[in-house]
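Okay, so here's the structure we're looking at.
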Amino acid sequence: MNKKYRVAVIGVSLEGIGNRHIASVIANRDTEAAMICEINEEWAKNRSAHYGVPYCTDYHALLDRDDIDMAIVCVPDHLHAEVVCDFLAAGKHVLCEKPLALSKEDCQRMLDAEKKSSAKLMVGQICRKTPAFVKAKQIVDEGVIGEISYIESEYAHNYSVMPIHWRNSYEVPRHPFTGGACHSVDLLRWFCGNPTEVVAYGNHKLLGPEYGPCDDTMCALMRFPNDVVGRVFVSIGCMSPGTGIRTLIYGTKGTIVMANNDTHITLYLGELGFEKSDKILGGGQLYKNGIRIPVALGSHNTAAELADFIDILKNGKAVDITAREGADTVAVCVAAIESSQTGKAVQIEYCK
Ligand SMILES: NC(=O)c1ccc[n+]([C@@H]2O[C@H](COP(=O)([O-])OP(=O)(O)OC[C@H]3O[C@@H](n4cnc5c(N)ncnc54)[C@H](O)[C@@H]3O)[C@@H](O)[C@H]2O)c1
């Protein structure tokens, strides 16, 4: 008989990402939603009634239970390490939301806990499951745009439309470069490997002090292997409809332009040549029309993330988005924040 993995989702607020995860667990034929664990009992009851899934308020009660195989950890970023390490020590598989943690120390704890555990840990760097980025990765890996020369990605949002909560804490500051731009950093690393050096600048002009002590705008330039230059921009107070995670990759033969909230990616190829554009540029030159490649929308593709993790567990495959990947992304974010605070370029040091 087909084994069903019994999954507990830890941290399910009324509108948070835990809801997407619980819906994915319910929809997946290899998983069963065994428990909603939410520390706020009112919300726990509400979500339990909504999904028809039992609830508890203390995840420790799940650690010894033989009928829980896996936890999806959706608690605030600074609490990931504690919850993940406890489930790993109890031999339960874990899918942990991004960022793996806010500090390299917490990442190291999780890497060490995973080594000691019989269970597997995957980090939810969801952009690696977003159809637009998956398609771009395939195009780049096939050599269509040649060698990458420059890559950039941005996380542009306006957090002032969100309630004030842990993201705005003064006690445990959650820098948006790690909390939000980890998506963009992870994309750059996925395409170009681990950067060696970063220099960054930030400011705090958009959001009021009630939104926390961290900069709300930051831009980081990075040096990647093979002389690739990368740039990541984050804004959590931008006055725009939100361009999502807009990403551009410039190669020696072509360019890809895409975003996680667009239904197409655009591929420009040097071999197609240029055309004159009298109307727009008064005689300037443009690349011939880009090739518009349709992609499914799926900026938060938790269904694919879960399906891939279950496939890994069922078939003894290696985890694709490993804790190491999550930790390396955090190491880049931490170094970028250090650079913005010291005004100096920082050599990036990765976890052991
Ligand atoms: N992949 C993505 O694109 C994406 C999007 C949003 C959020 N996230 C990440 O998901 C996580 C949750 O974000 P969110 O927006 O859903 O936050 P949220 O505040 O809406 O939900 C987190 C919930 O965890 C609960 N909680 C805190 N400590 C707990 C504990 N010990 N046990 C059980 N519940 C506990 C809180 O009460 C809260 O309801 C964060 O790490 C965030 O960065 C990822």
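The values are calculated or read from the model by the stated rules, or taken from the named source; none is laboratory data. Everything quoted here is computed from the prediction, not taken from an experiment. Note: ideal-geometry Cβ built from the backbone for every residue, glycine included; neighbour counts use all protein chains shown.
When you look at P99, is it outside the structural domain of T178 (by TED's automatic domain parsing) and touching a Cys at 6+ places or on another chain (Cβ under 6 Å), yes or no? If you could, list the steps in order and put the result at the bottom.
Values: outside the structural domain of T178 (by TED's automatic domain parsing): yes; touching a Cys at 6+ places or on another chain (Cβ under 6 Å): yes.
Here the answer is yes, as P99 does meet what is asked.
Residues in region 249-261 that are crowded, with 17+ Cβ neighbours inside 10 Å and either in a loop (DSSP other than H, G, I, E, B) or of a type in the set (A, V, I, L, M, F, W, C) (or both): I249, I256, V257, M258, A259, N260. Look at region 11-31: where a residue is β-branched (V, I, T) and within 16 Å of the ligand (Cβ to nearest atom) and a partner is outside any helix (DSSP H, G or I) and modelled with pLDDT under 95, sitting 6+ places away or on another chain with Cβ atoms under 8 Å, you get I17/H300.
When C107, C96, C74, C85 are checked against the criterion of being free of Cβ contacts under 8 Å to residues at least 60 places away in the same chain and either within 14 Å of the ligand (Cβ to nearest atom) or surrounded by 17 or more Cβ atoms within 10 Å (Cβ to Cβ) (or both), a single residue qualifies: C85. Return a yes/no flag: does region 133-151 have any residue that is surrounded by fewer than 24 Cβ atoms within 10 Å (Cβ to Cβ) and within 16 Å of the ligand (Cβ to nearest atom). Taking every residue of region 133-151 in turn, at least one turns out to be surrounded by fewer than 24 Cβ atoms within 10 Å (Cβ to Cβ) and within 16 Å of the ligand (Cβ to nearest atom).
For region 55-71, which positions are away from the ligand (no atom under 11 Å from the Cβ) and over 22 Å from K129 (Cβ atoms)? Step through it out loud before you land on a result.
Going through region 55-71, the residues away from the ligand (no atom under 11 Å from the Cβ) turn out to be 63-70.
L63, D64, R65, D66, D67, I68 - these are the residues of region 55-71 that are away from the ligand (no atom under 11 Å from the Cβ) and over 22 Å from K129 (Cβ atoms).
Go through A89, A49, A81, A34 for me and flag whichever is closer than 26 Å to N301 by Cβ and over 19 Å from the mean Cα position of the chain (by Cα). Walk me through it before giving the result.
Details: A89 fails: closer than 26 Å to N301 by Cβ; A49 fails: closer than 26 Å to N301 by Cβ; A81 fails: over 19 Å from the mean Cα position of the chain (by Cα).
So the residue among A89, A49, A81, A34 that is closer than 26 Å to N301 by Cβ and over 19 Å from the mean Cα position of the chain (by Cα) is A34.
Scanning region 340-348 for any residue that is buried (at least 17 other Cβ atoms within 10 Å of the Cβ) and assigned to a helix (DSSP H, G or I) turns up at least one such residue.
All conditions in (1) over 25 Å from V123 (Cα atoms); (2) not in a loop (DSSP other than H, G, I, E, B) hold for V234, with the sole exception of (1).
On the given criteria, is A61 out of contact with any strand residue (DSSP E or B) (no Cβ under 9 Å at 6 or more places or on another chain) and not assigned by TED's automatic domain parsing to the domain that holds I249? Outline the logic, then answer.
On the way: out of contact with any strand residue (DSSP E or B) (no Cβ under 9 Å at 6 or more places or on another chain): no; not assigned by TED's automatic domain parsing to the domain that holds I249: yes.
For A61, the condition - out of contact with any strand residue (DSSP E or B) (no Cβ under 9 Å at 6 or more places or on another chain) and not assigned by TED's automatic domain parsing to the domain that holds I249 - is not met.
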